[in-house]
Amino acid sequence: MADHQGKYNIKAISTMLGIHPGTLRAWERRYKLIEPIRNDAGHRLYTDDQLNVLKWIVNKVNHGFTIGQAVELLDKQDVIETVNDETVNNNQMDNIKEDILHSLLKFEERKANELLDYAFNVFSIEKVVIHILGSILIEVGDKWEKNEITIAHEHFSTSFLRTRIGMVFQHLPVNGLLPKVVTVCGPNEQHEIGLLIFNFYLRRRGYETVYLGAGIPGDDVIDAVREINPRMVIISCTLTEHLSDTLKLTDGLKEFFPDLVVGLGGEALKNIPQSSKKFYESFLVGENEEEWMKWLKNRL
C-alpha cells in the first residue's frame, strides 16, 4: 500500500523525477495536476500517490507527449492501478530478458530473434533497447568477467545486440534544432554496446549523432571532431586498463575545443583515481535514464 501521508519535499521530488522545482510549481498552477499537502511552514509535501502521478506524467513527456496531452490522458483515479500494471509489465520484461539471454548463451539466434520481435510488439522501443537489451549487455559482461561464459558466448551475444540495436536506428528521426553529438569508445576500448545504448537514447530524443564506435585512436578522434564540429562528444570506457587513455583523450578534446561538451560513461569510470574524481565529476553522464536526462539538461 502507498503511504498517503505527505513525506517528500519539492527538492526530493525534483531530484527523483529529474525536473526543475519551478517546472513542478508551474504544472500545479496551470493544470491543477495535484495539490500537495502543506506543512506548518507552508512548504509542499508530496505523498506516494502524488509521486506516482508525477512519475506517470514525466514518463509520458519523455516519450514525446506534451505536458498538456499527458494531463488529458491522465485519469487520477486509475494512476495507482496503472503503476501496478507497469510493475506487472516490468516483471514480464524481466522474464523476456532472461529468455533472450538464455537463448543467446545457447547460441540459439532464431529463438532470440523471435523473443525480441515479440518484445518489440509488446513494449515501447525505448523499454526494449534500454531495459531489455541494456540489461542483457550488463549481465553478459558480468558473466564474462567472472569466467562464467566463454569469449565465444560474449562475442556472439554482443554481435547479436549490436545488429538489432543498429536496425532500430534506421527508423529514428532527427530534430535539426538539437545539437550534433559524436559518440565514440575510448582509445583501445572494444566494448561498444553500452555506447550504442546511449547513442540510441540520444537518437530517440532527436539528437543527430555521429557514431564512431570502437577502434579509433585518440588523435583520429580529435581530427574527426575538428571536421564534424559537434556540440558534444560522448566517450565510453568499459575496461579499467583503458581508462587512463580515455581521460587523456578527454583532456585533449577540452584543450583543443574549450567550448565542446564532453561526456564520459562506462563501468571503468567508477575507477577514476581519487585524486582526479572531483575534476572529472562534471563529465560523468551517469548510469541510468534519469541520470542521463539530468546530465543533458545541465549541459545543453
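The values are calculated or read from the model by the stated rules, or taken from the named source; none is laboratory data. None of the values given here were measured: they were computed from a predicted structure. Glycine also receives a Cβ, built like all others from the backbone with ideal geometry; neighbour counts cover every protein chain displayed.
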Which of the residues that make up region 33-66 are at pLDDT 80 or above and either closer than 30 Å to residue 202 by Cβ or basic (Lys, Arg) (or both)?
38, 44, 51, 52, 53, 54, 55, 56, 57, 58
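Take region 97-114 and flag every residue that is within 16 Å of residue 137 (Cα to Cα) and assigned to a helix (DSSP H, G or I).
First, the residues of region 97-114 that are within 16 Å of residue 137 (Cα to Cα): 97-107, 109, 112-113.
97, 98, 99, 100, 101, 102, 103, 104, 105, 109, 112, 113, listed by residue number.
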Could you check, for region 155-170, whether at least one of its residues is surrounded by fewer than 17 Cβ atoms within 10 Å (Cβ to Cβ), among the small types (Gly, Ala, Ser), assigned to a helix (DSSP H, G or I) and free of Cβ contacts under 8 Å to residues at least 60 places away in the same chain?
yes
Test result for residue 246, touching a residue at least 60 places away in the same chain (Cβ under 8 Å), surrounded by 18 or more Cβ atoms within 10 Å (Cβ to Cβ), outside any helix (DSSP H, G or I) and not acidic (Asp, Glu)
no
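Hey, among 290, 227, which residue is more than 22 Å from residue 189 (Cα to Cα) and either assigned to a loop (DSSP other than H, G, I, E, B) or touching a residue at least 24 places away in the same chain (Cβ under 8 Å) (or both)?
That would be 290, the only listed residue that is more than 22 Å from residue 189 (Cα to Cα) and either assigned to a loop (DSSP other than H, G, I, E, B) or touching a residue at least 24 places away in the same chain (Cβ under 8 Å) (or both).
Give 28, 81, 72, 109 a once-over and let me know the one that is acidic (Asp, Glu), more than 30 Å from residue 162 (Cβ to Cβ) and modelled with pLDDT of 80 or more. I'd like the intermediate steps shown before the answer.
Details: 81 fails: modelled with pLDDT of 80 or more; 72 fails: modelled with pLDDT of 80 or more; 109 fails: more than 30 Å from residue 162 (Cβ to Cβ).
Just a single option satisfies the conditions, and that option is 28.
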For region 201-225, what are the residues that are surrounded by fewer than 15 Cβ atoms within 10 Å (Cβ to Cβ) and either on the phi < 0 side of the Ramachandran plot or among the basic types (Lys, Arg) (or both)?
217, 219, 220, 223
Residues of region 27-47 being touching a strand residue (DSSP E or B) at 6+ places or on another chain (Cβ under 8 Å) and either in a helix (DSSP H, G or I) or of a type in the set (A, V, I, L, M) (or both), in sequence order, are 34, 37, 45
Positions within region 152-197 being out of contact with any helix residue (DSSP H, G or I) (no Cβ under 7 Å at 6 or more places or on another chain) and of a type in the set (A, V, I, L, M, F, W, C), in sequence order:
152, 167, 174, 177, 178, 195
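Considering region 114-124 alone, what residues qualify as being in contact (Cβ under 8 Å) with a residue 12 or more places away in the chain and surrounded by 15 or more Cβ atoms within 10 Å (Cβ to Cβ)?
Initial filter on region 114-124 (in contact (Cβ under 8 Å) with a residue 12 or more places away in the chain): 115-116, 118-119, 122-124.
If the condition is that a residue be in contact (Cβ under 8 Å) with a residue 12 or more places away in the chain and surrounded by 15 or more Cβ atoms within 10 Å (Cβ to Cβ), then 115, 116, 119, 123 are the ones that fit.
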So, residue 246, is that one of a type in the set (S, T, N, Q) and modelled with pLDDT of 95 or more or not?
yes
Residue set 297, 277, 254; condition modelled with pLDDT of 95 or more and in a helix (DSSP H, G or I); output residue 254
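Run down 228, 197 and say which single residue is surrounded by 15 or more Cβ atoms within 10 Å (Cβ to Cβ) and either hydrophobic (A, V, I, L, M, F, W, C) or within 18 Å of residue 138 (Cα to Cα) (or both).
Numbers: 228 fails: surrounded by 15 or more Cβ atoms within 10 Å (Cβ to Cβ).
Step by step, each of 228, 197 is checked, and only 197 is surrounded by 15 or more Cβ atoms within 10 Å (Cβ to Cβ) and either hydrophobic (A, V, I, L, M, F, W, C) or within 18 Å of residue 138 (Cα to Cα) (or both).
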For region 96-141, the count of residues that are over 21 Å from residue 289 (Cβ atoms) and either in the same structural domain as residue 203 (by TED's automatic domain parsing) or among the polar types (S, T, N, Q) (or both) equals 3
From the residues in region 48-67 that are in a helix (DSSP H, G or I) and among the β-branched types (Val, Ile, Thr), which one is surrounded by the most Cβ atoms within 10 Å (Cβ to Cβ)?
57
Please verify whether region 261-273 includes one or more residues that are in contact with a strand residue (DSSP E or B) (Cβ under 7 Å, 6 or more places away or on another chain), over 26 Å from residue 131 (Cα atoms) and without any contact (Cβ under 8 Å) to a residue 12 or more places away in the chain.
no
Pairs needed: first member in region 5-34, buried (at least 16 other Cβ atoms within 10 Å of the Cβ); second member anywhere, part of a loop (DSSP other than H, G, I, E, B) and hydrophobic (A, V, I, L, M, F, W, C); C-beta distance under 6 Å; at least 6 residues apart or different chains.
27/33
